[in-house]
1. Could you check how many residues of the range 168-183 are within 17 Å of the chain's Cα centre (by Cα) and in contact (Cβ under 8 Å) with a residue 60 or more places away in the chain?
2. Tell me yes or no: at least one residue of the range 121-128 is crowded, with 16+ Cβ neighbours inside 10 Å, in contact with a Ser or Thr (Cβ under 7 Å, 6 or more places away or on another chain) and either among the hydrophobic types (A, V, I, L, M, F, W, C) or in a loop (DSSP other than H, G, I, E, B) (or both).
3. Filter the range 62-87 for residues that are closer than 16 Å to His122 by Cα, open to solvent by 30 Å² or more (accessible area, probe 1.4 Å) and either in contact with a Ser or Thr (Cβ under 6 Å, 6 or more places away or on another chain) or touching a residue at least 40 places away in the same chain (Cβ under 8 Å) (or both) and give the result.
4. Condition (residue is aromatic (Phe, Trp, Tyr) and touching a residue at least 40 places away in the same chain (Cβ under 8 Å)) applied to the range 148-167: is it met by at least one residue?
5. For the range 40-58, give me the residue count where each residue is closer than 16 Å to Met29 by Cβ, open to solvent by 60 Å² or more (accessible area, probe 1.4 Å) and either assigned to a strand (DSSP E or B) or in contact with a Pro (Cβ under 7 Å, 6 or more places away or on another chain) (or both).
6. Looking only at the range 88-112, how many residues end up being open to solvent by less than 20 Å² (accessible area, probe 1.4 Å) and more than 21 Å from Ile185 (Cα to Cα)?
7. Name the single residue that is farthest from Met78 (Cα to Cα) among those in the range 142-161 being modelled with pLDDT of 95 or more and in contact with a helix residue (DSSP H, G or I) (Cβ under 8 Å, 6 or more places away or on another chain).
8. Consider Met29 carefully, then state whether it is at pLDDT 95 or above and more than 29 Å from Val194 (Cα to Cα).
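The values are calculated or read from the model by the stated rules, or taken from the named source; none is laboratory data. Because the structure is predicted, anything quoted here is derived from the model rather than measured. When we count neighbours, we look across all protein chains shown, and the Cβ atoms used for this are built from the backbone with ideal geometry, even at glycine. Protein only, heavy atoms only, side chains kept; ligands, DNA and RNA dropped before computing areas. Shrake-Rupley method; radii C 1.70, N 1.55, O 1.52, S 1.80 Å.
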Amino acid sequence: LVATANNHSMDMGAKGVFRTLENLDAAGMPHVGTARSAEEQASVPIFEVEGVKIAFLNATSSLNGIPLPEDHPFAVTMIDSTLLLTQAATARGRGADVVIAVLHWGEEYSRESSEGQREVAHRLLNGGIDVIIGSHPHVVEPIQRLTVERDGRPFTTYVAYSLGNFVSNQRDRYRDSGIVLFVDIEKGHEGVSVTGVRFLPVWVQKT
């Protein structure tokens, strides 16, 4: 699955968004975050992994000042709590056990999450999203364990505010590395729970 919503999604306009999606389709790669129609934006991909149905959402907080085209407002999904929680509810209605949001957000090169990120995270987790995985700052930010209330019961989950860089041309300290995140999910008689996260550190070698 390719998450395509980020601050560079609109660099080449709507044509660039559509061309990217056409190439991903041709390669047989599912995608989320950008769309050619309102219907495509609303269709949340769900994958079954070892008996657990996992839905993925993707959105960005910025397009570097480039506005969404008036005739294609659905081209890139922006971080909007109402929209994302509606998508999450739709995914639940289609049988999703877990909803993971991949968010492109935060302040570049900041090694701590911002107040804005934390506010959005709490809103989404309280509203029904189960795990949040972040990108954009180009450096690793903390992973936070949070407990929210779901249907009158405590629900514990995780926010990885930024995974850092995986492939990049950035060589400065902290920008030349990142993590691969593993999310542990268990499905039992009482439902699905997120039991932990693990990570693999990675370093970008140019030569």
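1. Number of matching residues: 1.
2. The answer is yes; a qualifying residue exists.
3. Ile79, Leu85
4. Of the residues in the range 148-167, the ones aromatic (Phe, Trp, Tyr) are 155, 158, 161, 166.
Cutting the leftovers down to touching a residue at least 40 places away in the same chain (Cβ under 8 Å) gives us 161.
Yes, some residue in the range 148-167 is aromatic (Phe, Trp, Tyr) and touching a residue at least 40 places away in the same chain (Cβ under 8 Å).
5. Qualifying residue count, the range 40-58: 1.
6. 1
7. Of the residues in the range 142-161, the ones modelled with pLDDT of 95 or more are 142-145, 158-161.
Going one step further and asking which of them are in contact with a helix residue (DSSP H, G or I) (Cβ under 8 Å, 6 or more places away or on another chain), we end up with 144, 159, 161.
On the way: Gln144: 23, Val159: 19, Tyr161: 17 Å.
The selected residue is Gln144.
8. Working: at pLDDT 95 or above: yes; more than 29 Å from Val194 (Cα to Cα): no.
So Met29 does not fit the description; no.
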